[in-house]
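Q: The structure's right below; bear with me while I get my questions together.
Each value in this text was obtained by applying a stated rule to the coordinates, not by laboratory testing. Values in this document were obtained by computation on a predicted structure and should not be read as measured data. Heads up, the Cβs are rebuilt from the backbone with ideal geometry, glycines too, and the neighbour counts pull from every protein chain shown.
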Amino acid sequence: MLKIRPETLVIILFNIIPIVGVAWYDWAPFQMFWLFWMETLIIAFFNCIRILFSQGLAAQSSSTGLPLRLNYGKALSYLVIRIFIFLFYSLFIIVFIGVMGHSGKNSLGSLSVIYFGNRLFNIALLLTVVTQSFYLVKYFFMNSAYYWSSPHQYSSLFDGRQIVIHIAVVLGGVGMSFLFKDGNSNWGAIWIISVFCVLKCVFELYFAPVYSDADSPQAEGPPNIFNKRVKRL
């Protein structure tokens, strides 16, 4: 009999809730998209810190007493590229999901999260910062993973979260404009959030980095979609 881990059930549940919210409680899909995309930017800042302190030593190396070599150039280059990608995709998210995916009044209300006008949204971002800080301190610095971590492990151009957003915007936003052009706008919103949550769920179950594993000396590659090592099921 297949045994499903508790964290797997939590991931599935948290990806079902937004669909239920949009379908029955008039939630705005854009807010879910924007939260996910803002989390991506926050993660980029923390990865920048990881790149800065990564020493790239061999897993069995005993040279951990050497002075730290800070990778200023690689860290700055990574962050600049990630910010550019964030701004580039933000344009499509706002247009196709925030504007085209909502009607008049609801559209203006959902876009308030862009300028931090939603308290619950701001709390969610704060929780992301706290969580990422915990991962960084516990799994990167406290277990000395920065000695073995390589600054080349972090992809600046493509990662799993970016692919989720890309496909979700195309299939969700553009698909809605054709499939539900003359129908009930609520069905379009349900379509958008369903596509997004299914993709997000698959990513979080199979491809998202497990920090206790990705930041360990045994990790052999970047913690991203192209080098997944642990299945959560």
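Q: Can you sort Met176, Met100 by how many other beta carbons sit within 10 Å, fewest first?
A: With the sparsest Cβ surroundings first, the list reads Met100, Met176.
Q: In addition: Please give the per residue volume of the convex hull enclosing the alpha carbon atoms of the range 116-158, rounded to a whole number of Å³.
A: Taking only Cα atoms, the range 116-158 has a hull volume of 86 Å³ per residue.
Q: Counting other beta carbons within 10 Å of each Cβ, put Phe196, Phe53, Phe158 in order, fewest first.
A: Numbers: Phe196 27, Phe53 19, Phe158 13.
Ascending number of Cβ neighbours within 10 Å: Phe158, Phe53, Phe196.
Q: Separate question: Using 0.36 nm per residue of separation minus the Cα-Cα distance, give me the extension gain between Ile163 and Val95 in nm, one decimal.
A: Contour length minus the Cα-Cα distance gives 22.7 nm.
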